[in-house]
1. Restricting to the range 37-67, name every residue that is more than 19 Å from Ala20 (Cβ to Cβ), in contact (Cβ under 8 Å) with a residue 60 or more places away in the chain and among the hydrophobic types (A, V, I, L, M, F, W, C).
2. Pick out, from the range 11-106, the strands (runs of 3 or more DSSP E) lying fully within it that include 1 or more residues that are touching a helix residue (DSSP H, G or I) at 6+ places or on another chain (Cβ under 6 Å) and modelled with pLDDT under 95.
Amino acid sequence: MFLKPGVKIGPTDRKKLVLAWWPFSIISFDSCPENMFLVDLVVASESRDPLPIVLTMRRYRDRYRLEPSPPVNVPLIVTKGVGPSQILGSILKIYRDLRDRISAREEIDIRSLRRMATQIRGRRPHTLEEALANPITRGILSEILESICIKTDNVRISSYIPLYILIGANIVKEEFYIYMERKLRSTNHEVYALKLEGVAAVLNKYQNPGIHGEAIGSDYI
């Protein structure tokens with residue numbers, strides 16, 4: 001299925017961005033089945049570290065129109081094999097490693113906290129180990145896991161629905177957009193997804209101008 005955004009794809013987008021149908025999955029957990037989240041399947045298949053998988057997730061609201069065929073003639077990205085068990089395993093690894101680190105009750109003084117806060121503003125952690133090494137990012141990870149209903153390691157994925165969403169990316173300028181109800185800039189994709197060698201390789205195949213395709217039937221998709 002293909003998500004139909006509520007925005008117009010203008011000539012600037014076609015000229016400056018690589019447009020592609022990007023594979024995601026809508027998932028929910030048995031801990032809160034009424035909440036749904038988008039997982040980037042390209043990131044999940046290409047990242048050797050679980051951190052980018054969680055940080056590129058976003059809330060999904062069941063109000064979008066889905067279509068059986070792509071309404072825009074742009075490349076369709078196919079991922080390597082990845083499924084709910086691998087995604088859940090990555091999320092639970094973060095939960096368990098975070099739980100173990102917090103259980104150690106590491107003590108740290110206020111000066112160290114201030115120094116770490118300054119470092120975070122200058123550079124985000126790119127691996128789970130980097131994130132766990134800093135008490136501030138450990139706190140952020142705890143909040144993220146709670147927001148996606150991961151409060152125990154006895155959690156299962158209750159629904160898993162693959163779909164394609166139109167994205168626009170510019171490798172050189174490090175820009176990544178997701179076309180949903182509007183054109184959303186995903187800074188976490190820019191920091192985490194575009195830095196993955198496999199993701200960059202996928203987009204570089206279509207980086208040349210003139211291959212972005214034309215809308216089928218309408219300028220709205």
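1. Phe37, Leu51, Val54, Leu55, Met57
2. 18-29
Yes/no per residue for (1) farther than 20 Å from Leu41 by Cβ; (2) at pLDDT 90 or above; (3) part of a loop (DSSP other than H, G, I, E, B):
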| residue | (1), (2), (3) |
| --- | --- |
| Glu146 | yes, yes, no |
| Tyr160 | no, yes, no |
| Gly168 | no, yes, no |
| Tyr177 | no, yes, no |
| Leu184 | no, yes, no |
| Leu203 | no, no, no |
| Tyr206 | no, no, yes |
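Per-residue answers, yes or no, for (1) surrounded by 15 or more Cβ atoms within 10 Å (Cβ to Cβ); (2) within 17 Å of the chain's Cα centre (by Cα); (3) in the same structural domain as Arg59 (by TED's automatic domain parsing):
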{"site": "Gly139", "(1), (2), (3)": "no, no, no"}
{"site": "Ser142", "(1), (2), (3)": "yes, no, no"}
{"site": "Tyr164", "(1), (2), (3)": "yes, yes, yes"}
{"site": "Gly168", "(1), (2), (3)": "yes, yes, yes"}
{"site": "Val172", "(1), (2), (3)": "no, no, yes"}
{"site": "Ile178", "(1), (2), (3)": "yes, yes, yes"}
{"site": "Ser186", "(1), (2), (3)": "yes, yes, yes"}
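The values are calculated or read from the model by the stated rules, or taken from the named source; none is laboratory data. On a predicted model such as this, the values are computed, not experimentally measured, just so you know. So basically every Cβ, Gly included, is an ideal-geometry build from the backbone, and we count neighbours across all protein chains shown.
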